[in-house]
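Below: one structure, written as structure tokens.
Values quoted throughout were computed directly from the atomic coordinates according to the rules given, and no laboratory measurement underlies them. Here the structure is a predicted model, which means the values were calculated and not measured. Cβ placement follows ideal geometry from the backbone for every residue including glycine, while neighbour counts extend to all protein chains displayed.
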């Protein structure tokens, strides 16, 4: 509606009733619209909008930011292993909510720097547990949960109920598969609790990705620290958001094998 209503002949008002999820994404939308020359007056709580009609989008060259949700998996993989990994085009002042995963990893004492749009992780596999509000980095939560599987102590991710309404129930379904791999996790309606196992997990099992690209990436992170390989069913569905994910992992040194 925010993209469409500026093109109408009449002015428009949009009012959101009850509650608005993914406010961060709305903020990103407003930012892109402003770059395209579109004027929209939004309330501070993003529940009400005034949109003048008869506007036109401005054609120009746009620079698309790097993707924090997909990068979260790469950063978590680097954090749980002995790695030296650099990820480019992750702007420090990005409005992507998942930018918070860098702060989460810092809080878990992962050695990293974030300067000039570059995140540099020098992973040593040693992480410290923490408590995190997952509401603003929804699509990065699963990767951070995977990292916390190997942290010292108990981690808690709260305000994450909206994970239940994605491609699968990303709380119950995901934690079910983590347990198969050997992780010690528990769930509440809107929380994920992880009792870390710095020694690693056993692995050696076949697990179900529930045809969910985020679950696939997160389970792969756990496999990197499993004593025995894990086999992820339907892993090709990672292509929904990150078609080259496994290629990039292999390029970084991970042992990945496609099994028919």
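Worth a mention:
- Helical mean residue ellipticity (222 nm; -39500 (n - 2.57) per DSSP H run of 4+; nearest 500) of the chain: -8000 deg cm²/dmol
- Secondary structure note: in the chain, about 70% of the DSSP beta bridges are antiparallel.
- With both labels modelled 7 Å from their Cα along Cα-to-Cβ, the residue 82 to residue 258 distance reads 3.1 nm.
- Projected onto its three principal axes, the C-alpha set of the range 207-260 covers 27, 23, 21 Å, listed from the longest axis down.
- The range 200-260 and the range 110-181 have Cα centres lying 16 Å from one another.
- The packing ranking, built from the mean of other Cβ atoms within 10 Å per residue, places the peptides 208-220, 85-97, 53-65 in the order 208-220, 85-97, 53-65, highest first.
- Peptides 106-118, 10-22, 182-194 ordered by packing proxy, namely the average of other Cβ atoms within 10 Å per residue, highest first: 182-194, 106-118, 10-22.
- FRET efficiency, residue 239 to residue 64 (Cβ-Cβ, R0 25 Å, nearest 0.05): 0.85
- Considering every alpha-carbon pair of the chain, the percent of pairs per 10 Å bin, from zero through the bin containing the longest distance, is 7, 29, 32, 19, 10, 3, 0.
- Cα-based helix-to-principal-axis angle, 172-181 vs the chain, degrees rounded to 10: 20 degrees
- Against the main long axis of the alpha-carbon atoms of the chain, helix 68-79 sits at an angle near 20°.
- Ordered by the count of other Cβ atoms within 10 Å of each Cβ, fewest first, 148, 155 give 155, 148.
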